[in-house]
Amino acid sequence: MAQLVDGKWVDTLPAAEEIGADGRFRRIDSPLREWISPDPAASFPAEAGRYHLWVAAVCPWAARTTAFRVLKGLEDVITVSFARPGLPKEGWIFDEGPDGPVEGGYPLHRLYVEHDPNFTGKVTVPTLWDKKQRRIVNNESSEIIRMLNSAFDGVTGNRLDFYPEVLRAEIERWNGLIYPGLNNGVYRSGFASTQAAYDEAVREVFATLDTMEEHLSRHRYLAGEFLTEADWRAFTSLVRFDVGYHGAFKCNLRRIEDYPALRGYLRELYQWPGIASTVDLELIKFGYWFLSDRNHIVAIGPRLDLTTPHERGRLPGQGVWKRGG
Ligand SMILES: N[C@@H](CCC(=O)N[C@@H](CS)C(=O)NCC(=O)O)C(=O)O
């Protein structure tokens, strides 16, 4: 991977900027943090057709945003481009740029330089782009999904609320456990460059999965009876686990398939209307092996069938919270 330094593309080893002398991987915070607002006078007002998402099928952070785009009925409101599979030296490459198809491909770092000719930092997916002002709004997935959850409700009439006020404390509690222990924990395992850093990270991954398993054997969803943002943030890592992290990131103590509750929970979320269309297991597998195997050799398995019955109906559930009752 690589990054921009003062608007120039500089090539380095995968995650080089984020691996410390102690061999631990520490994720750098996303730098672009503006917000789309329902207020027409805001700097980035919610409007149909104005914003574009740059994503990659392999990426769990980008997948949060494509899941919310579907969950909130934003397919005709926010356009999306998928990067070509693999992450070459030029970073993420798309078939098209902001002005249409580009012969030979369009590297995402060009978009960052258009946003800021002196940009310094990583070029990551997801990136949310304002086509009108030709500026990046935000490149932090946890914030992009919060915007999608509410900012466009006046445009779409969709009142589903994945971050309801009354459940916020519980959602944050789970996010606070699942981000370090699972979402980022698998990367800390996979990118660790010492045995000690790997041991510490991988143990935390399985401790987190054990905690989730125990809870989900008694509750339909993380925050109880309602499906929330916390579930979707967990989902994009769980669905990548057996085909990606288990092999390519050495998280191989157990598979999600070995956890009875997580296995059914993952299937219920995968089978949620529209969600399967945002998951491509073969591209996920390809992406993680491409990244972690120096010869880019992709493992044959496992082959997962997430369409089998989830059997979660035995636990009480009320679906998604609706804003305004
Ligand atoms: N905190 C960011 C992380 C995004 C991220 O790290 N995306 C990865 C792909 S999974 C990326 O684009 N990496 C490119 C790089 O590190 O150069 C978010 O949640 O949006």
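The values are calculated or read from the model by the stated rules, or taken from the named source; none is laboratory data. Given the structure is predicted, the values throughout are model-derived calculations rather than measurements. Positions of Cβ are generated from backbone atoms using ideal geometry, with glycine treated the same way; all protein chains shown enter the neighbour counts. Side chains included, ligands, DNA and RNA excluded: accessible areas come from the protein's heavy atoms. Shrake-Rupley method; radii C 1.70, N 1.55, O 1.52, S 1.80 Å.
For region 224-232, does any single residue satisfy the condition of being open to solvent by less than 10 Å² (accessible area, probe 1.4 Å), farther than 21 Å from residue 201 by Cα and of a type in the set (Asp, Glu)? Yes, region 224-232 contains a residue that is open to solvent by less than 10 Å² (accessible area, probe 1.4 Å), farther than 21 Å from residue 201 by Cα and of a type in the set (Asp, Glu). The set of residues from region 233-272 being acidic (Asp, Glu) and open to solvent by 30 Å² or more (accessible area, probe 1.4 Å) comprises 257, 258. Kindly list the number of the only condition in (1) under 23 Å from residue 187 (Cβ atoms); (2) at pLDDT 95 or above; (3) part of a loop (DSSP other than H, G, I, E, B) that fails for residue 294. So the condition that residue 294 fails would be (2). Look at residue 304 and say whether it is open to solvent by 10 Å² or more (accessible area, probe 1.4 Å) and touching a Pro at 6+ places or on another chain (Cβ under 6 Å). So residue 304 fails the test.
Of the residues making up region 27-59, those that are within 16 Å of the ligand (Cβ to nearest atom) and in contact with a strand residue (DSSP E or B) (Cβ under 8 Å, 6 or more places away or on another chain) number 15. Taking residues in region 67-84 that are outside the structural domain of residue 228 (by TED's automatic domain parsing), and partners anywhere that are in a helix (DSSP H, G or I) and of a type in the set (D, E, K, R), the pairs with Cβ atoms closer than 7 Å and at least 6 places apart or on different chains are 75/69; 78/69; 80/69.
Just to be sure before I move on: is residue 198 more than 19 Å from residue 235 (Cβ to Cβ) and either at pLDDT 95 or above or over 22 Å from the mean Cα position of the chain (by Cα) (or both) in the structure I sent? Criteria met by residue 198.
If only one of 30, 81 is closer than 21 Å to residue 236 by Cα, assigned to a strand (DSSP E or B) and out of contact with any Lys or Arg (no Cβ under 7 Å at 6 or more places or on another chain), which one is it? Show your work before the answer.
Values: 30 fails: assigned to a strand (DSSP E or B).
None of the others qualify; the one that does is 81.
For region 1-60, a residue qualifies if it is in contact with a Ser or Thr (Cβ under 6 Å, 6 or more places away or on another chain) and open to solvent by 20 Å² or more (accessible area, probe 1.4 Å), and the qualifying residues are 5, 6, 19, 52.
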